[in-house]
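The values are calculated or read from the model by the stated rules, or taken from the named source; none is laboratory data. Nothing here was measured: the structure is a model prediction, and the numbers come from that model. Here the Cβ positions follow ideal geometry from the backbone for every residue, glycine too, while neighbour counts run over all protein chains shown. These accessible areas exclude ligands, DNA and RNA; they are computed on the full protein's heavy atoms, side chains included. Shrake-Rupley method; radii C 1.70, N 1.55, O 1.52, S 1.80 Å.
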Amino acid sequence: MDNLITAVLVLDNDLVVTYANPAAEQLLCLSARRLLEHPFPDLLQHCSIDLGLVKETLSGGQGLTDSDVTIVVDGRQRKVELSASPLLWERSPSMLIEIKAIGHQQQISKELQQQAQQQAAKELVRGLAHEIKNPLGGLRGAAQLLEKMLPDPNLGEYTRIIIEQADRLRNLVDRLLGPQKPGHRQQENIHVVLEKVRQLVELSAGKVKIERDYDPSLPDIDMDPEQMEQAILNVVNNAAQILDDNPNAEITLRTRTEHQVVISGKRHRLAARIDISDNGPGIAPELQDTLFYPMVSGRPGGTGLGLSITRNLIDQHKGKIYVNSWPGHTTFTILLPIRR
């Protein structure tokens, strides 16, 4: 087992590690000496699978396999396949844990599949939005004509309600359609955009502490500053609203350079990475794969349009946005290609 690339652990009845192979040491970022005699749950900052179910493999005598498990080790989120099997030792019951990291190619394929699904959802919403918008103009115009022909001016209150609601629906449809054309591109420093966003959010959400961790060596990026400001502002505003009742609310804006980045199946030699992190409650796992779809929101009272618009704007800049989240931590990451 020392030569396997799959992480292998043996746990006793209390889920304490009694054996760990070298692959497990690498995955959990600890030596075998430090892993031994430690409870397995304490080695993970987060695990999406209920470890109580893992323990039941001992009492039930049946194995367990989950091919889509998220674990967090040393602040890094990883997608893995986890299997638990009972071991029938004479001296004491034990279980064998196998953890296999999901391959890079699998992750790219999943991203491309999600991108295709999001594009299909976006096209569906656009078509529906156009079908709604076309009759709204006629409805509004008819209400205006009717208002002029009413014998009693007091009845105009009802036509005004029709006009107001038609305008409200038109505004909603315009937001659903979102910006369709790239704006005016220029070479701009992303930190200028981030500072504008920070100032806007601090003015509207005074309780939230915003930390900055910028890489000053980051080169300028070809972008539309207004569109990029809107894209980032949507994410930071969402975080600030979710943290509204948190006395220790904190958002961190972080920038770094990334090398050899794959975006939409294309490799880029250099990219800017913008991380927007918060210490909120996290995003429900069932929402994470569809969070950027139109009309999907993880916030009570949210419209589900902000992140969809953000995704659209980032796509227009040939970049990508994704989220890593677990209880107490959420990070939205934006990758933007840098031309050199």
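If you find the alpha carbon centre of region 219-287 and of region 12-41, how far apart are they in angstrom?
Cα centres, region 219-287 to region 12-41: 34 Å.
Loop-only check: which GluC sites (Glu not before Pro) in region 1-66 are DSSP coil with at most 16 other Cβ within 10 angstrom? If you can, show how the numbers build up before the last one.
Numbers: sites: GLU25, GLU37, GLU56; in loops: GLU37.
Within region 1-66, the qualifying GluC sites (Glu not before Pro) (loop, at most 16 other Cβ atoms within 10 Å) are GLU37.
Please report the net charge: other residues with Cβ closer than 13 Å to the Cβ of LYS55, K and R +1, D and E -1.
Counting the neighbours of LYS55, the net charge comes to -4.
Taking only the alpha-carbon positions of the chain and ignoring solvent, what does the Debye formula give for the base-10 log of I(q)/I(0) at q = 0.16 Å⁻¹?
-1.35
Which residue, chosen from ILE163, GLY61, LEU96, occupies the Cα position most advanced towards the positive end of the dipole of the chain, where the dipole is computed from +1 (Lys, Arg) and -1 (Asp, Glu) charges on Cβ about the Cα centre?
So the residue furthest toward the plus end is ILE163.
What number comes out for accessible area per residue over the chain if the probe is 1.4 Å? Units Å², please.
Working: 18830 Å² over 340 residues.
Here the residues of the chain average 55 Å² of exposed surface.
With the crude spin-label approximation of a point 7 Å out along Cα→Cβ, what separation in nm comes out for SER67 versus HIS184?
Placing both labels 7 Å along Cα→Cβ, they lie 5.1 nm apart.
Quantify, in whole percent, the carbon and sulfur part of the accessible surface of region 174-281 (1.4 Å probe; protein heavy atoms only). Mind dumping the intermediate values first?
Working: 2510 of 5610 Å².
Ligands and nucleic acids excluded, carbon and sulfur give 45 percent.
Using a simple spin-label model with points 7 Å from Cα along the Cα→Cβ vector, what separation in nm is obtained for ARG212 and LEU287?
That separation, rounded to one decimal, is 3.0 nm.
Using the charge dipole of the chain (Lys, Arg: +1 at Cβ; Asp, Glu: -1 at Cβ; taken about the Cα centre), state which of CYS47, LEU145, LEU307 has its Cα farthest towards the positive end.
The residue sitting most towards the positive pole is LEU145.
Is it possible to state the helix-based mean residue ellipticity at 222 nm for the chain, with each DSSP H run of 4+ residues giving -39500 (n - 2.57), the sum divided by total residues, to the nearest 500 deg cm²/dmol? What is it? The partial results should precede the final answer.
On the way: 9 runs with 137 residues, N = 340.
That calculation yields -13000 deg cm²/dmol at 222 nm.
Placing unit charges on C-beta atoms (Lys and Arg positive, Asp and Glu negative, everything else neutral), compute the dipole magnitude of region 197-301 about its Cα centre in debye, rounded to 20.
Result for region 197-301 is approximately 240 debye, rounded to the nearest 20.
May I ask you to list, by number, the DSSP H helices of the chain whose Cα span along the axis is at least 20 Å and whose average Kyte-Doolittle hydropathy reaches 0.0 or more?
Going by DSSP H runs, the hits are 190-204.
In whole percent, what relative contact order does the chain give with Cα contacts below 8 Å and a gap of six or more residues?
This gives 12 percent for the chain.
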